[in-house]
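Undergrad: Structure incoming, see below.
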Amino acid sequence: MEFLTKAVEFLKLSTKHLLIIFFITGLALFLPTEFTDFIKLTAVIEDYRSWIGAVFLVSGVIALINIIQKFFTGLSQAKKRKGLIKFRNQKLHRLTPQEKLILTRYFLNHTTSQVLPMNDGVVNELETYKIISRSASISQGGVYFSYNIQPWASEYLKKHPDLLRMNESEAEFAELDSEWNRWEG
């Protein structure tokens, strides 16, 4: 039973430690006998050669599996990140007039923060897409909180300012809607 416990502990070693064990056991197995004679390990290596070989193989295989798994995990995360960036950028290409108005104010006021109502559906939509985020947990009064534009969104919109341009009817609608919300609130 103790052997199984030790084996399970061995399997839980980090990849770095497994590679060190793999390297050391590989040296023990493949070094010329002149060298092992010099360091007085030839007898020990010959007595435990099968165990050293088993540890060499197991540590090498587990380390290789860990490396492959980390590679594919990293690849998967990179693919997800790329998809998320594409998804968010697509949202910036489909902004409503009200969303454009909110985002334009960041650039017109040369700021990364503005006070917005947390109960506004447009604000919540921008927050859901992580275009803006609430930067304070303390209200500026009632339902008004500070919201920051996310750096990735700010950079993208600076590169593509046309995404915030509104035609005349959109601008009128956004301003009317903004006025309506102030009157309603």
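Undergrad: Collect the residues in the range 133-149 that are under 27 Å from K86 (Cα atoms) and either among the hydroxyl-bearing types (S, T, Y) or modelled with pLDDT under 95 (or both), keeping them in residue-number order.
TA: Start the filter on the range 133-149 by keeping residues that are under 27 Å from K86 (Cα atoms), which leaves 133-135, 146-149.
Correct list: S133, R134, S135, S146, Y147.
Undergrad: Another question, if that's okay. For the condition closer than 30 Å to E168 by Cβ and among the hydroxyl-bearing types (S, T, Y), what is the one hit in T111, T73? Even if it seems obvious, please write down each step before you answer.
TA: Numbers: T73 fails: closer than 30 Å to E168 by Cβ.
Result of the check over T111, T73: T111.
Undergrad: While we're on this one: Pull out all pairs, ordered by first then second residue, where Cβ-Cβ is under 8 Å, the residues are six or more apart or on different chains, the first lies in the range 15-41 and is in the same structural domain as F56 (by TED's automatic domain parsing), and the second is loosely packed, with under 15 Cβ neighbours inside 10 Å and at pLDDT 85 or above.
TA: T15/I67; T15/K70; T25/G53; L29/R49; L29/G53
Undergrad: Restricting to the range 114-138, what's the tally of residues that are loosely packed, with under 13 Cβ neighbours inside 10 Å, of a type in the set (V, I, T) and farther than 15 Å from Q90 by Cα?
TA: Number of matching residues: 2.
Undergrad: So which of T73, T104, T111 is in the same structural domain as P161 (by TED's automatic domain parsing), β-branched (V, I, T) and either closer than 30 Å to S14 by Cβ or loosely packed, with under 12 Cβ neighbours inside 10 Å (or both)?
TA: Details: T73 fails: in the same structural domain as P161 (by TED's automatic domain parsing); T104 fails: either closer than 30 Å to S14 by Cβ or loosely packed, with under 12 Cβ neighbours inside 10 Å (or both).
Result: T111 is the single residue among T73, T104, T111 that is in the same structural domain as P161 (by TED's automatic domain parsing), β-branched (V, I, T) and either closer than 30 Å to S14 by Cβ or loosely packed, with under 12 Cβ neighbours inside 10 Å (or both).
The values are calculated or read from the model by the stated rules, or taken from the named source; none is laboratory data. Not measured: the values here are computed from a predicted model. Cβ sites come from the backbone with ideal geometry, for glycine too, and all protein chains shown count toward neighbours.
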